[in-house]
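The values are calculated or read from the model by the stated rules, or taken from the named source; none is laboratory data. On a predicted model such as this, the values are computed, not experimentally measured, just so you know. Note that we place each Cβ from the backbone using ideal geometry, even for glycine, and neighbour counts take in every protein chain shown.
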């Protein structure tokens, strides 16, 4: 599971005015404390429960009976899970970390995606009718020229969105004739060198010749030989985030997200500052 970090704010539909909001207080007051957990979205439900003071469990299920059970109790997540029959699941989880205008979002394979958070806010009428919740990815990166001048390049990851012709070409090469955009967000190609080996020649060829075909390139590289190996994203297309260690409980995952936020805080705040300056208090 990967956590990515975003800025959030409310924006007026007509005037496009952006204002800072306290999403944590809104969700705690209107959803968590009022046990107003669920929202129906077509043939499935999404709902929220608190894990700790900064992290919310954001879950998806198509089991309406389970939703009724959840809505009738003020018990904890553990109590709800313990009350389920052996063949029942709590749902497919995602995790929402909130900290002063910034969110961290981590989604399991079938859990709610980041786009479903504004839908939940709108469906619950947590903002005025003239406003919507806007999420902007927090980005960091280096330029193409910077990347070409790196002294050492290791693991390289290419990200290609599902609608690109290159994606279809790659899928056909492994036997997939067609795939719906609703099922596939994109593909990643990882060039993994042998331990301590420099693949800058190969990576530089990709950057020089295929740069326009991909939607994101990240490299683990050194600007000089004495530097520590650092992950860079080309042209600011890289979304600030990291992979999370595998953990069993929701509380452990929430703690890992907080740890990731604390570790990456300087980068997160630097990126957020550009967005924050445009917001009304």
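Overview of values
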| read-out | value |
| --- | --- |
| Wholly enclosed helices (runs of 4 or more DSSP H) of the stretch 112-216 bearing at least 2 residues over 26 Å from the mean Cα position of the chain (by Cα) and at pLDDT below 85 | 144-148, 200-210 |
| Hey, residue 188 crowded, with 16+ Cβ neighbours inside 10 Å, out of contact with any helix residue (DSSP H, G or I) (no Cβ under 8 Å at 6 or more places or on another chain) and within 30 Å of residue 8 (Cα to Cα) or not | no |
| Counted residues, the stretch 92-102 - those being farther than 17 Å from residue 47 by Cβ and surrounded by fewer than 22 Cβ atoms within 10 Å (Cβ to Cβ) | 3 |
| Criterion violated by residue 257 - all others in (1) closer than 19 Å to residue 55 by Cβ; (2) surrounded by fewer than 19 Cβ atoms within 10 Å (Cβ to Cβ); (3) touching a strand residue (DSSP E or B) at 6+ places or on another chain (Cβ under 6 Å) satisfied | (2) |
